[in-house]
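S.K.: Sharing a structure below in structure tokens format, with a few things to ask.
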Amino acid sequence: MKPDLVHASREALSQGGALASHLDAFVPRPAQLCLTEAIAETLQQRDLLLAEAGTGTGKTYAYLVPVLLSGMKTIISTGTRALQDQLYHRDLPRVRQALGVGHRSALLKGRANYLCRYRLQQARGEPRFSTPQQAAEFQRILAWSGRTRHGDMAELDALADDSPLLPMVTSTVDNCLGPDCAYYDDCFVVQARQRAQAADVVVVNHHLLLADLALKQEGFGELLPGAEAFVIDEAHQLPELAAQFFGEGFGMRPWQELARDCLLEARSVAGAQAALQAPVSALEHALIDLRTAMDGLPQRGTQWRALAVPQVRDGFDAAMSALHALLQVLDSLREASSGLDACHARAREAVSRLGRWLGDDAPLPDFDAEPDAVPADAGDVLWYELTPRGFRCQRTPMDVSGPLREHRQRTMAAWIFTSATLTVGGGFEHVTQRLGLDDPRTLVQPSPFDWPTQALCYLPEGLPDPAARGFGTALIVTLRPVLEASHGRAFLLFASHRALREAAEALRGGPWPLFVQGEAPRATLLQRFRESGNGVLLGSASFREGVDVVGDALSVVVIDKLPFAAPDDPVFEARLDAIRTQGGNPFRDEQLPQAVIALKQGVGRLIRSETDRGVLVLCDPRLLNRGYGRIFLDSLPPFRRTRALADVQAFFAPQWTPAAPAPLHEDVLPPGTPLSLF
């Protein structure tokens, strides 16, 4: 470790420094220098930092420079696989070359991102393709498998993220054969982990990081190598993702895959297929009957609500009986092959998880030693979710701050949590509680963009309450003149898929090409939108993050409603009940902070560079007629605000010149207005 890491990091990012000398268009930024100094100090002291860095701060370079100069073994975790690829393939090589350091780096993804040679071989010749297109795609995968070096499925650009071929040619923790696999020595997952263990800097995503923490919590050891420092980018995503990984779940699709894999593995064992045919068929029929019984349920709900319907309870009991029968047959066949032994383990785990979710105390058949149980905790929420052709059941802890804190303290490493959206009204209290951080060092570096000049915030007059009938129609009437002024070039964010569909239908046939979430893969939609020049992109909550369009193609961001969490989320509802029981205020302590962070994410899509210009349209009148509206507006960048359409039209006129930011909110809600109007 260099004793002058803070000075060296600042120097590298300053005028005339290493990055300015080697990277085209690099411009030193005061906010970036402050951030990199704080990160360097945190690394030197093996401390903890929570840093909000507004859009345009340059936080990626701000942490890469001190990490590479420190020489510390570092895990960098990003929010998505797309950001992970961008960081590893673009940002990291640029900074490393500019600094002239030779540290080894590795990209590590979850096993489902890598080709499994064993499952690929099993799928060959199997008539499981529903269309000729699938068969052709499988042949392309076969051809690629012979030339790929790393087996990363992302190398296949034409393969959709939700392709049904992916589970056929990749492995899961459940179906991986481990060292018993005939292809173990050539396994892409094993090779990727070996590269990570030997690297100085390992780039992962939050899913893999949390899977690693969950495995260690269960006593299975770690996937990732021990590190001296962790950098958690897009840290606002971590609490919700952690809740998934510190719980457990099961679903219709994995059990259907188990049934099919049993017959596939049985092909190489004499008499096995005949023995397994009946229990496999019984399980498949039980799952179909159960899904049919669940048709009358809400799309998402609590376990007790589902089991209160007699047909649903009977359906789960039938599925349990079918799993028991399959397990009994597999127990007699498990020693015949490693593949059937793996299926036996999966069936035992399925029985165990279903039993815990149902709350049954009946023991497993005594075929072998009991598997490790993960008993439900009083703070866990048991719930289900329906999909068009399946279901998923989940046990989710309401509070993950404890396990996150315990792991962080065990590492004795430096931890840097950063994101563009961590504060609510300028404070970190909400995120520190969710992440289990005790009195961390904090830093806020606002976006360096010239918001009063580059952007305008339009709060239209005359819109009804979002819950009122006719809000969607009034919204489109309000937006048409905005889209005419901007010549399209807009991104419309909706609180629900229903509102998105209604808006898409209302805007079809207009002068602007529409790009609607769900009508094409996300990456394809964004590329077509960028290239259109005057398109209108429509998305829902999942599009609040990751839409990074620089330039004139995106000049308007519209947000229809304040993004309060859906009322049908059982985990969220249970969290609110717990806050209420403990004497807190669910709206103030949970609903409002979560909505503020979500709104900031959507707003962040508008201005992505120093030359971008755009209008933010916030259509929810509660921003101005509810006391809590001030908290939302105070958490946003310093826009110039207006209620006049003429100002929007003037903004897009060639002769437009910026005016001073207007204190609009104080005009509508005078200073001193109480914020207890919850």
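Read-outs throughout are calculated quantities, based only on the coordinates presented, and are distinct from any laboratory measurement. Everything quoted here is computed from the prediction, not taken from an experiment. Glycine also receives a Cβ, built like all others from the backbone with ideal geometry; neighbour counts cover every protein chain displayed.
S.K.: Hey, could you pull the Cα Rg and Dmax for segment 400-495, both in Å?
M.R.: 20.8, 57
S.K.: ³J(HN,Hα) across segment 186-197 via Karplus (A = 6.51, B = -1.76, C = 1.60, θ = phi - 60°), whole Hz, x for Gly/Pro?
M.R.: 10, 5, 5, 5, 4, 5, 5, 5, 5, 5, 5, 5
S.K.: Still on this model: Using a simple spin-label model with points 7 Å from Cα along the Cα→Cβ vector, what separation in nm is obtained for residue 278 and residue 112?
M.R.: Each label point is offset 7 Å from its Cα along the Cβ direction, giving 3.5 nm.
S.K.: Modelling each spin label as a point 7 Å along the Cα-to-Cβ direction, I'd like the residue 149/residue 487 distance in nm, to one decimal.
M.R.: Each label point lies 7 Å from its Cα, and together they span 4.5 nm.
S.K.: Using 1/(1 + (r/R0)^6) with R0 = 41 angstrom and r between the beta carbons of residue 569 and residue 263, what's the FRET efficiency to the nearest 0.05?
M.R.: 0.65
S.K.: Let me ask something else. At 7 Å along the Cα-to-beta-carbon direction for both residue 90 and residue 289, put a label point, then send me their distance in nm to one decimal.
M.R.: Simple spin-label model gives 5.3 nm for this pair.
S.K.: Report the equivalent ellipsoid semi-axes for segment 112-179 in whole Å, largest first, defined as the square roots of five times the eigenvalues of the gyration tensor built from alpha carbon atoms.
M.R.: Whole-Å semi-axes of the equivalent ellipsoid: 18, 15, 12.
S.K.: Suppose we keep just the DSSP beta bridges with both residues in the chain; what percent of those would be antiparallel, to 5?
M.R.: 25 percent
S.K.: Would you please name the trypsin sites (Lys or Arg not before Pro) within segment 413-502 that are DSSP coil residues with at most 13 other C-beta atoms within 10 Å of their C-beta?
M.R.: 469
S.K.: Still on this structure: Only helical DSSP H runs with n ≥ 4 go in: add -39500 (n - 2.57) per run for the chain, normalise by residue count and round the 222 nm mean residue ellipticity to 500 deg cm²/dmol.
M.R.: Calculated mean residue ellipticity at 222 nm is -13500 deg cm²/dmol.
S.K.: Once you mark the GluC sites (Glu not before Pro) that are in a DSSP loop and have at most 14 other Cβ atoms within 10 Å, what is the longest gap between them in the chain?
M.R.: Free of exposed loop sites, the longest segment is 223-460.
S.K.: Per 20 Å bin from zero, what fraction in whole % of the C-alpha pairs of the chain is there, up to the bin with the longest pair?
M.R.: In order of increasing distance, the bins hold 16, 47, 33, 4, 0 percent.
S.K.: Among 114, 63, what is the fewest-to-most ranking by other Cβ atoms within 10 Å?
M.R.: Going from least to most buried by this count: 114, 63.
S.K.: Principal axis extents for segment 451-668, Cα atoms only, whole Å, descending order, please.
M.R.: 56, 41, 34
S.K.: Amide H neighbours of residue 414 under 5 Å, at least 5 residues apart or on other chains, H built in the peptide plane: list them.
M.R.: Counting only residues 5 or more places away or on other chains, the set is 229, 230.
S.K.: Lys/Arg Cβ at +1, Asp/Glu Cβ at -1, dipole of segment 526-569 taken about the Cα centre: which of 533, 555, 566 is farthest positive-ward?
M.R.: Looking along the dipole axis, the top candidate is 533.
S.K.: I'd like the FRET efficiency for residue 101 and residue 634, computed as 1/(1 + (r/R0)^6) with the beta carbon distance as r and R0 of 41 Å, rounded to 0.05.
M.R.: 0.50
S.K.: Can you list residues whose amide H is under 5 Å from residue 492's amide H, if they're 5+ apart or on another chain and H is modeled 1.01 Å from N?
M.R.: 537, 538, 539, 558
S.K.: Using Cα-Cα distances under 8 Å and only pairs 6 or more residues apart, what relative contact order does the chain have, in percent?
M.R.: Numbers: 1079 pairs, mean separation 104.5, N = 678.
Across the chain, relative contact order equals 15 percent.
S.K.: Okay, moving on. On full extension of the chain, what length is gained from residue 300 through residue 433, given 0.36 nm per residue of separation minus the C-alpha to C-alpha distance? Before the final figure, lay out the partial values.
M.R.: Working: separation 133, 0.36 × 133 = 47.88 nm, distance 2.69 nm.
Gain in length upon complete extension: 45.2 nm.
S.K.: In whole Hz, with x marking every Gly and Pro, tabulate ³J(HN,Hα) for segment 400-407 from phi via Karplus 6.51 cos²θ - 1.76 cosθ + 1.60, θ = phi - 60°.
M.R.: 10, 4, x, x, 5, 5, 4, 5
S.K.: Taking a ≥ b ≥ c as the square roots of the eigenvalues of the Cα gyration tensor of segment 230-300, is the shape rounded (a/c under 1.5), prolate (a/b larger than b/c) or oblate?
M.R.: oblate
S.K.: What do the square roots of 5 times the Cα gyration tensor eigenvalues come to for segment 248-397, in whole Å, largest first, as semi-axes of the equivalent ellipsoid?
M.R.: 27, 18, 12
S.K.: I need the calculated FRET efficiency for the pair residue 136 and residue 625, taking r as the beta carbon distance and R₀ as 51 Å, to the nearest 0.05.
M.R.: The pair residue 136/residue 625 has a calculated efficiency of 0.35.
S.K.: May I pose another question? Separation of segment 115-193 and segment 418-449 by C-alpha centroid, Å?
M.R.: Segment 115-193 and segment 418-449 have Cα centres spaced 41 Å from each other.
S.K.: Let me ask another. Which percent, to the nearest 5, of DSSP beta bridges fully inside segment 451-668 are antiparallel?
M.R.: Expressed as a percentage, antiparallel bridges in segment 451-668 total about 0.
S.K.: With θ taken as phi - 60° and the coefficients 6.51, -1.76 and 1.60, list the Karplus ³J(HN,Hα) couplings across segment 540-545 in order, rounded to whole Hz; mark glycine and proline as x.
M.R.: 10, 3, 5, 8, 5, 10
S.K.: OK, next. Below 8 Å between Cα atoms, with a sequence gap of 6+, how large is the relative contact order for segment 451-668 in percent? Intermediate values should be presented prior to the final figure.
M.R.: Values: 348 pairs, mean separation 72.5, N = 218.
It comes to 33 percent, rounded to a whole number.
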